[in-house]
1. Going through region 269-313 one residue at a time, which ones are part of a loop (DSSP other than H, G, I, E, B) and at pLDDT below 95?
2. In this structure, is residue 48 without any contact (Cβ under 8 Å) to a residue 40 or more places away in the chain, polar (S, T, N, Q), over 18 Å from residue 321 (Cα atoms) and out of contact with any Phe, Trp or Tyr (no Cβ under 6 Å at 6 or more places or on another chain)?
3. Looking at (1) in contact (Cβ under 8 Å) with a residue 60 or more places away in the chain; (2) open to solvent by 60 Å² or more (accessible area, probe 1.4 Å); (3) under 24 Å from residue 311 (Cβ atoms), which is the only condition residue 9 fails?
4. Please return the ranges of helices (runs of 4 or more DSSP H) entirely within region 155-250 where 3 or more residues are touching a Phe, Trp or Tyr at 6+ places or on another chain (Cβ under 9 Å) and of a type in the set (A, V, I, L, M, F, W, C).
5. Given 213, 227, which one is out of contact with any His (no Cβ under 7 Å at 6 or more places or on another chain), hydrophobic (A, V, I, L, M, F, W, C) and crowded, with 23+ Cβ neighbours inside 10 Å?
6. Mind checking which residues of region 251-262 are out of contact with any Pro (no Cβ under 9 Å at 6 or more places or on another chain) and either among the aromatic types (Phe, Trp, Tyr) or modelled with pLDDT of 95 or more (or both)?
7. Of the residues 101, 65, 37, which single one is in the same structural domain as residue 307 (by the TED database) and either open to solvent by 10 Å² or more (accessible area, probe 1.4 Å) or more than 17 Å from the chain's Cα centre (by Cα) (or both)?
8. Which of (1) within 16 Å of residue 123 (Cβ to Cβ); (2) open to solvent by less than 20 Å² (accessible area, probe 1.4 Å) does residue 297 not meet, given it meets every other one?
Amino acid sequence: MRAAVLHTHGEPPKHVEHPDPVAGEGVSIVRVTAAPVVPLDLLCASGTSYFGPPALPYVPGVQGVGVVEQSEVVAPGTRVFFATSAGMASGDGSFAERAAVPDDDLIALDTPVADAAVAAIGLSGVAGWMALTWRAQLQPGEQVLVLGGGGAVGQVAVGAARVLGASRVVAVARSEAARERARAAGADEVVAASTDVDELTGRLGSASYDVVVDPVFGVAATAAARVLAPGGRLVNLGGSSGDEAVFSSAVLRSRTASVLGYTNNALTSDQRRDALTAVLQHAAFGAIAVAHETVTLDEVADAWKRQATGDTTGRLVLTITAAG
């Protein structure tokens, strides 16, 4: 089969021939139709992640969409979303015409949303939804601030906050292109990011926020903590802008505010399935979406480099084989 194969840590994968995966007990074979290129793919492939350097060669791709070809638990022909541990454990991922997937990591799809759009939403959709519902316990009428609002998690969080009944959703984003994506996702207001914490705090104004969704941390999280409402909750999902933030003890205590961590790895397979299903139900009506661009599998090296430099108009999704 054709696949994107990584031969050297830190280098882009190459589009080459690769052995077909083999089904086994508890493992299904999926014919892949679409797979997103996400930051976790590049982190794992770098050989510097906390998972340790992955054995080479291997096929990257931590998630994808496709059709089941062989399985003891799912009917062949079933359209599915799936996750893999490529780069985090031994084995190949989704950047190939076929993938071997543990049965527990298959989520059957019953949605009119196109494969590429489902792939773009993927686990970012799960994270955006669960950060609001499971960790933050968002209530109708509350105000929400989304940091990194132009990213995939941010776009889902903006749309999800609206469908969950938030009274106002404000997003923070760096570039004008990212701010436009946040507006398209449904933000009531979009604020330009800043590396100066006082400047960003000033831009956020006098409003106070019941929930902050934070995939970036660093200066943005510090500023956001200053504008939490009484009982406010800041949910951190990542550290793309830094691994440290500064929080005032007096502010947190005086507002009985909470700083909460979130990772998809803490979810059960049922939680992951239910969250993705919920997001796709709203995506089917256009209420939640992630801006994306499709590229073919043989363009994987260029897509990899573009992801690394941020030279994208949205999430890059590899289209691999046609469904059906």
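The values are calculated or read from the model by the stated rules, or taken from the named source; none is laboratory data. All values derive from a computational prediction rather than experimental measurement. Every residue, glycine among them, receives a Cβ derived from its backbone with ideal geometry; neighbour counts consider all protein chains shown. Surface accessibility is based on the protein's heavy atoms, side chains included, excluding ligands, DNA and RNA. Shrake-Rupley method; radii C 1.70, N 1.55, O 1.52, S 1.80 Å.
1. Hits for region 269-313 are 310, 311, 312, 313.
2. yes
3. Every condition holds for residue 9 apart from (1).
4. 218-226
5. 213
6. The answer is 252, 253, 258, 259, 260, 261, 262.
7. Selected residue: 101, the only one of 101, 65, 37 that is in the same structural domain as residue 307 (by the TED database) and either open to solvent by 10 Å² or more (accessible area, probe 1.4 Å) or more than 17 Å from the chain's Cα centre (by Cα) (or both).
8. Here residue 297 clears every test but (1).
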